[in-house]
Amino acid sequence: MQFRNSCGFSATQLLVSGLALSRTALAVPIEDSPRQYLLAGKGLPDKYSSKNNAPGPNGPYSPGYKDPLDKAIDAIGKDLDPLPYRNGLGTSVLGPWNRDRSRQNPDLVRPPSTDHGSLPNLRWSFADSHIRIEEGGWTRETTARELGTSVELASVNMRLDSGVIRELHWHKEAEWAYVLDGEVRVTAIDYEGGNFIGDLKKGDLWYFPSGVPHSLQGLGENGTEFLLIFDDGNFSEDSTFILSDWLVAHTPKSVISKNFDLAPEVFAHLPEKEKYIFQGSKPGSIDEEKPTGKNVKKSKQNFVHRMLEQEPEVTSGGEVRIADSKNFPISKTVAAAHVTIQPGALREMHWHPNADEWSFFIGGRARVTIFGSSGAARTFDYVAGDVGIVPRNMGHFVENIGDEPVEMLEVFRADEFRDFSLFQWMGETPKRLVVDHLFQNDPENGEKFWNRVKSAEKDDVTLPSDEQVKSETQEL
Ligand SMILES: *[C@@H]1O[C@H](CO)[C@@H](O)[C@H](O)[C@H]1NC(C)=O
Ligand SMILES: *[C@@H]1O[C@H](CO)[C@@H](O)[C@H](O)[C@H]1NC(C)=O
């Protein structure tokens, strides 16, 4: 017992479905790998064979399974264990097996046959980011250090409980934020010295240009959680200019005294170190709190935008809301889209010409194939809390592979949101060229294709007809 515990194997971990291990067997540490089971003469546990991957021997991760169409499989929703079998190739896994990660990444375990060549890693889960825990709050980041391809933007996920303050600070990078839940108050001053106070709720954005000093405070019963985006992949939340750090730790008391024209004793009891995130007092209404000194002026800028209150662009398979400098003028370096993709729908094949896409998945399960030119393409799967990168100009789609809507943000270091739709491009190209490229030896289907695309309207999130969806899902 002692030995097992010190190795970190609990009895539950060893209890693999279908295997009745006796207590004597449990006394010996068994690595949770198929190889160990085989060496111990126990045969493979169900989870490593196709038996668990119903229905029957033709289950989607069994040796006999063939799918020339590379359909998506919702390994989590269907409780399947992806195994590397594809169209008669591949075999089982013998080494250590991380079931949860495999199910979250079915298209890494068995990539579509269209994947080819190498692309750098383009997926990170916030669940793999270190959390800094402070009084009444926490913060974690996904930056170029966690995800090497996140070069244009860095992100921070922060939680502030009711009344908890992210203290007054500023930084070189501009800051864009999306409120994931709860309520938050922001304060700032603009480049003309005008002050701003705003209260935000779920689905609202704020944007502070480079160097603008600001603060954040959780409101309501449970405070807030939000996603921050900075326009430099190397940004670190731990290296911002913080009021208390400057004053109490790095400025001679005599200078503080001169600066504010007050006796040094006034500053005898300043905090001893930076506060960063701390429990503050409960704020009153904005009217009660706004500064009223005789030289105070209100900012003419609006640092806040209600993104989810925007009338969405309704497409056949979902909704799109775009916030960039056209409707949120202050946001000059960050553009974003909030996208929902219904089950069975596809964020259509497209690319972004002006910036890398930095995406954040709020809900649902999706697969994305990124076409990197020169024959390279790789597929990644995303679940809630994941970050994805699509380098600029690389063609891609986002396919909802689960049974709930995919809700995601596409964020760009750009003043405007821009994308090219493959569908629209085809319809706006001379028929002769389109048919010559794709259907030179198949004029009949060339005609069908042309009839479909010739009046193409951009349909950002597209839902295929019932017939298509049916043939997609009938085998599972
Ligand atoms: C605050 O959190 C508690 C516990 O999770 C929950 O029961 C309550 O509904 C939340 N309140 C609001 C306003 O969301
Ligand atoms: C980020 O930092 C690394 C290491 O210092 C550096 O090599 C890289 O060029 C930096 N990236 C950007 C976008 O500044």
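Where a number appears in this text, it was derived from the coordinates with a stated rule and is not lab data. Not measured: the values here are computed from a predicted model. Here the Cβ positions follow ideal geometry from the backbone for every residue, glycine too, while neighbour counts run over all protein chains shown.
What number, rounded to the nearest 500 deg cm²/dmol, is the helix-based mean residue ellipticity at 222 nm of the chain, given -39500 (n - 2.57) per DSSP H run of at least four residues and division by all its residues? Present the calculation step by step, with values, prior to reporting the outcome.
On the way: 12 runs with 75 residues, N = 476.
Per the formula, -3500 deg cm²/dmol.
May I ask you to derive the FRET efficiency for Glu444 and Trp138 from their Cβ-Cβ distance with R0 = 56 Å, giving the value to the nearest 0.05?
Working: r = 60 Å, r/R0 = 1.08.
Efficiency computed from Cβ-Cβ geometry: 0.40.
Once the piece of chain linking Lys273 and Trp246 is laid out straight, how much longer is it, given 0.36 nm per residue of separation minus the C-alpha distance between them? Show your work: numbers first, answer last.
Numbers: separation 27, 0.36 × 27 = 9.72 nm, distance 0.96 nm.
Extending this stretch completely gives an extra 8.8 nm.
Give the residues of region 382-400 whose amide nitrogen is closer than 11 Å to a point set 7 Å from the Cα of Trp425 in the direction of its Cβ. The answer is 393-396. Express the relative contact order of the chain as a whole percentage, based on alpha carbon pairs under 8 Å and six or more residues apart in sequence. Reported as a whole number, the value is 14 percent.
State to the nearest 20 debye the size of the charge dipole of the chain about its Cα centre, where the only charges are +1 on K and R beta carbons and -1 on D and E beta carbons.
Values: 52 positive and 71 negative charges, 216 e Å.
With only Lys, Arg, Asp and Glu charged at Cβ, the dipole is about 1040 debye.
Only Cα pairs under 8 Å and 6+ residues apart enter the sum, and on that basis the relative contact order of region 128-305 stands at 30 percent. If the segment from Arg432 to Ser373 were pulled out straight at 0.36 nm per residue, it would be longer than the present Cα-Cα gap by 18.8 nm.
One decimal place: the segment Ala40-Asn222 gains 60.3 nm when fully extended, by the rule 0.36 nm per residue minus the C-alpha distance. Taking other C-beta atoms within 10 Å as the exposure proxy, Ile256, Ile286, Ile165 rank Ile286, Ile256, Ile165 from fewest upward. Shown for Val406, Val179: other C-beta atoms within 10 Å of each C-beta, ranked fewest to most, produce the order Val179, Val406. Projecting the Cα atoms of Trp351, Gly402, Gly364 onto the charge dipole of region 337-430, computed from C-beta unit charges around the Cα centre, puts Trp351 farthest toward the positive end. Its alpha carbons give the chain an Rg and a Dmax of 27.0, 90 Å. Report the FRET efficiency, 1/(1 + (r/R0)^6), for Leu89 and Arg145, where r is their Cβ-Cβ distance and R0 is 51 Å, rounded to 0.05. Calculated transfer efficiency: 0.90. Would you mind checking region 152-189 for residues with the amide N under 14 Å from a putative spin-label position 7 Å along Cα→C-beta of Glu288? Answer for this model: 163.
For a paramagnetic label modelled on Lys298 (point 7 Å from Cα along Cα→Cβ), amide N atoms under 12 Å away belong, within region 168-197, to 195-197. With 26 Å as the limit, the listed pairs Lys253/Lys297; Lys273/Lys332; Lys201/Lys298; Lys298/Lys332 have Lys253/Lys297; Lys273/Lys332 beyond it between alpha carbons. Under the simplified labelling scheme, the Thr114-Asp79 pair shows an inter-label distance of 3.2 nm, with each label point 7 Å from Cα along Cα→Cβ. Going by neighbour counts of Cβ atoms within 10 Å, the residues Glu225, Glu313, Glu272 line up, fewest first, as Glu272, Glu313, Glu225.
Net charge in the neighbourhood of Asp238 (other residues with Cβ under 10 Å of its Cβ; Lys, Arg +1, Asp, Glu -1) is -1. For region 113-224, the ratio of Cα radius of gyration to the globular rule of thumb 2.2 N^0.38 Å stands at 1.25. Sorting the Cα pairs of region 128-305 by distance into bins of 5 Å, from 0 upward, gives 2, 8, 15, 19, 20, 18, 10, 6, 2, 1, 0 percent per bin.
Classify region 322-476 from the C-alpha gyration tensor, please: rounded if a/c falls under 1.5, else prolate or oblate depending on whether a/b exceeds b/c. Before the final figure, lay out the partial values.
Details: a/c = 1.89, a/b = 1.31, b/c = 1.44.
Oblate.
Between the listed residues Ala144, Gly88, Asn105, the Cα displaced farthest toward the positive end of the dipole of region 79-185, a dipole computed from Cβ unit charges relative to the Cα centre, is found at Gly88.
Mind checking the angle between helix 443-453 and the chain's longest principal axis? C-alpha axes, 0 to 90 degrees, to the nearest 10. It is inclined by approximately 20 degrees.
Put a dot 7 Å past the Cα of Ser210, heading toward its Cβ, do the same for Ser257, and the two dots end up 3.8 nm apart.
Tell me the net charge near Asp442. Cut-off is 13 Å between Cβ atoms, Asp442 excluded, with +1 for each Lys or Arg and -1 for each Asp or Glu.
Working: positive: Lys448; negative: Asp436, Glu444, Glu447.
Result for the neighbourhood of Asp442: -2.
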